[in-house]
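Working notes for the structure below.
The values are calculated or read from the model by the stated rules, or taken from the named source; none is laboratory data. Owing to the predicted nature of the structure, the values given are computational and were not obtained by experimental measurement. Positions of Cβ are backbone-derived with ideal geometry, glycine not excepted, and every protein chain shown enters the neighbour counts. Heads up: the accessible areas ignore ligands, DNA and RNA and are worked out on the full protein's heavy atoms, side chains in. Shrake-Rupley method; radii C 1.70, N 1.55, O 1.52, S 1.80 Å.
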Amino acid sequence: TRQIGGPTVSDGQWHPISWVIKNSGNARVVRTYTDGVFNNQGDVTDRGNVNSPAPLTLGYLPGDATPSVKLNTTDIRIFNTALSDAEIQENACLTNVLLHPKAANLIGYWKGTEGFGASFKNYAPGQEGLDFDLKRTFTWEALTTLPCSITPPATSNQPQMLIKSTDLVPTLFYWLRIPIKDEWNLEGTKWLEKYELEFVKL
């Protein structure tokens with residue numbers, strides 16, 4: 001594994017992370033960006049074929065006993081062409097990806113804001129059905145702080161839903177109608193109760 005990193009982003013804030021794979025002379029390089037700003041680049045010519053049949057993976061490496069990364073993630077975009085520095089910087093917080101200058105090259109667009117199920121739907125034009133399956137332990141989290149590329153919902157005070165594993169047990173108790181006692185000190189939230197009017201029709 002070869003890492004081509006940038007600044008530390010484990011600060012509790014949202015950061016657009018981008019990388020570009022491109023040919024440069026006789027070499028293949030990866031360029032990385034944080035918040036639209038170029039970080040670093042490295043030669044990956046000897047790192048296999050970018051057209052590998054291996055599945056697209058985010059959060060862990062195949063064969064690892066435990067997840068390699070713990071993170072909240074949303075708004076995943078993949079283009080089949082290399083973006084320029086200017087295109088990355090100017091569109092890091094673009095809320096409507098169809099307005100991107102390279103929108104015609106968009107082959108993967110997973111918003112990750114469904115709030116239910118075990119996959120992210122692919123919203124890239126012509127790529128319907130190529131959903132991003134969620135594996136291992138995960139759950140959905142209600143967040144009030146959103147990435148700059150996500151438009152807040154129209155309904156006042158309604159949070160978007162993103163993944164957090166600690167909500168699993170409280171949500172299970174909620175479904176079973178078992179009151180949670182404060183002395184249990186459970187982590188996570190019963191985020192589903194925020195949507196009772198939508199599915200219970202009280």
Problem set entry | Charged-residue dipole, Cβ positions (Lys, Arg, Asp, Glu), segment 11-130 about Cα centre, Debye nearest 20 | 220 debye
For this session: Provide the packing ranking of 168-179, 10-21, 73-84, i.e. peptides ordered by the mean count of other C-beta atoms within 10 Å per residue, highest first.
Result: 73-84, 10-21, 168-179
Problem set entry | Where 38, 116 fall by accessible area, highest first, once all protein chains stay in place (1.4 Å) | 116, 38
Exercise. Suppose R0 equals 22 Å; then what is the FRET efficiency for residue 144 and residue 186 from their Cβ-Cβ distance, rounded to the nearest 0.05?
Worked result: 0.60
